[in-house]
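Scroll down for the structure; my scribbles are underneath it.
The values are calculated or read from the model by the stated rules, or taken from the named source; none is laboratory data. Treat the numbers as computed from the prediction; the structure is a model and nothing was measured. Backbone-built Cβ (ideal geometry, glycine too); neighbour counts: all protein chains shown. Side chains are part of the model used for accessible areas, which takes the heavy atoms of the whole protein and leaves out ligands, DNA and RNA. Shrake-Rupley method; radii C 1.70, N 1.55, O 1.52, S 1.80 Å.
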Amino acid sequence: MRRVLFATMAIMAIASAAAALSPDELAKRTIERRAVEAVIWGIPAVNYDLMLQEMLAKTSGKVNQIVYWSRPLDWHNQTLTPNPDAIYLMAFTDTKDVGPVVIEVPPAEGGSINGNIVDVWQMPLEDAGPSGADKGKGGKYLILPPGYKDKVPDGYIPLTSDTYGGYALLRSNLASHSDADIEKSVAYGKRLKVYPLSQAASPPETVFTDAKDVLFDSTIRYDTSFFKSLDRIVQTEPWLPRDRVMIDQLKSLGIEKGKPFKPDAATSKQLETGIHEAREWLEAKYDTSLKPFYEKGRWNFPADPELVKAAQASFNEPDAYPVDIRGLTYSYAYVGIKRLGAGQFYLIAIKDKDGHPFDGSKTYRLNVPANVPVEQYWSLTAYDRETHALIRNMPRASCSSQIADLQKNADGSVDIFLAPKAPKDRDTNWIPTDPKRDFELMFRLYAPTKALFDKTWTLSDAERVRK
């Protein structure tokens with residue numbers, strides 16, 4: 001009897017609390033709650049839009065052209081966890097007005113491309129280069145607009161996209177960081193071509209825009225500008241069947257197809273509250289839910305295997321749609337890879353061997369064992385823990401096997417140091433850190449081999465050096 005009484009009292013208390021909320025308070029809570037979910041769901045598309053808008057606003061580059069960096073990336077490139085040991089080229093494509101668009105990748109002769117082609121939601125359409133569909137022979141990748149029904153001409157690799165927009169991240173691989181090898185890599189990258197299929201008989205010359213000195217900042221903005229980016233996607237792209245549940249959710253935030261997004265002061269404040277909560281949720285998930293790569297240790301998968309599986313299935317699995325994991329992943333990285341592990345693989349560490357976050361004011365050592373299982377190169381990069389971009393104002397961001405004078409130990413292993421100042425006589429093996437910022441690590445393996453995946457080769461954990 002007492003249990004029934006207590007249960008009844010609890011229900012009455014909950015009902016009383018709910019009844020105490022006015023219609024205005026309920027409306028406010030709805031906006032805040034739905035703003036959180038909109039952020040988690042919409043991050044991949046907003047991530048894409050931020051990069052596109054940086055190109056349009058800060059360079060002379062346009063869609064269906066190529067923006068590139070004529071030297072390895074430095075901190076001016078504030079995209080999420082980029083690779084500073086390759087020459088980057090990006091082609092933002094749009095099929096809405098011109099129809100199908102061709103991305104022509106040259107054969108891997110005198111160089112090679114490691115490329116990934118994605119839609120607005122950064123779902124992988126295909127990989128390009130030796131690890132992609134052309135297998136290093138070169139190929140004409142044809143991006144088709146939504147609902148395209150015409151016959152695809154012979155000689156193309158057709159990519160069916162659910163969105164008009166998208167982009168290709170095309171890395172021209174470096175043999176080393178010497179001026180000659182950088183120049184060679186840039187020249188090879190400029191053999192790429194982008195043009196509408198309608199002009200394939202006589203393709204116009206591809207326009208390349210160099211962004212090497214541009215502060216190209218596409219880090220996620222956790223403020224109301226996030227929703228302006230999301231509105232831009234809603235206005236320009238079709239609703240995907242899997243996402244139609246979000247139509248009313250976004251309408252309650254003032255985002256509706258065919259209507260201007262003009263939130264009043266009260267709504268803007270509620271959106272601000274919602275996106276701050278979303279950021280806290282994402283940071284908590286990032287800190288606790290990355291999947292370990294090794295049974296023991298601090299290195300993690302770059303993306304949850306559940307997300308990789310769903311993306312490779314074009315998010316069409318009947319009983320899975322990992323929106324939460326996808327939102328987390330695109331809060332710290334960008335681009336989708338169709339065959340993760342074929343052309344490249346990544347490992348992420350956000351804590352040292354003892355389980356403590358990396359502190360930019362301390363000194364750490366990472367021992368890279370000999371015989372790293374790669375056919376191309378390996379690298380270690382440090383990123384700002386808060387922004388997930390290259391640490392600002394640092395002279396360099398990484399150490400890689402491409403460095404000719406990298407110092408090796410007698411057993412063939414390599415010690416890399418991360419600290420505000422270089423250890424004595426170890427400048428070539430040093431990655432500088434900001435003493436006022438925490439950081440995180442990414443270890444890249446290009447053309448990885450079997451020993452990585454069967455774990456007969458194991459990467460050590462970074463450990464703090466105590467003086």
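With a 1.4 Å probe and all protein chains left in place, how much of the accessible area of the chain comes from carbon and sulfur atoms, in whole percent?
Numbers: 10930 of 21270 Å².
Carbon and sulfur: 51 percent of the exposed surface of the chain.
Kindly rank 254-267, 34-47, 364-377 from highest to lowest mean number of other beta carbons found within 10 Å of each residue. Don't skip to the answer; put the middle values down first.
Working: 254-267: 13.4, 34-47: 23.5, 364-377: 17.8.
By packing density, highest mean first, the sequence is 34-47, 364-377, 254-267.
Whole Å is fine, so just give me how far the alpha carbon centre of region 354-372 lies from that of region 40-89.
Each part's Cα centre sits 28 Å from the other's.
Name the long-range amide H neighbours of Thr209: under 5 Å, sequence gap of 5 or more, or other chain; modelled H, no Pro or chain starts.
Those lying under 5 Å, H to H, from Thr209 are Ile66, Val67, Tyr68.
Roughly how many Å² is the accessible area per residue of the chain, as a whole number, for a 1.4 Å probe?
With the other protein chains kept in place, the chain gives 46 Å² per residue.
Once the Cβ-Cβ distance between Tyr294 and Ala410 is put in as r, and R0 is 22 Å, what FRET efficiency do you end up with, to the nearest 0.05?
Efficiency computed from Cβ-Cβ geometry: 0.30.
Give me a comma-separated list of calculated 3J(HN,Hα) values for region 189-201, in order, Karplus coefficients 6.51, -1.76, 1.60 applied at θ = phi - 60°, integers in Hz, x for any Gly or Pro.
x, 6, 7, 5, 9, 9, 6, x, 4, 4, 10, 5, 5
Please report how far the C-alpha centroid of region 92-139 lies from that of region 388-467, rounded to the nearest whole angstrom.
30 Å
At 7 Å along Cα-to-Cβ for each site, give me the label-to-label distance between Asp213 and Ile247 in nm.
5.0 nm
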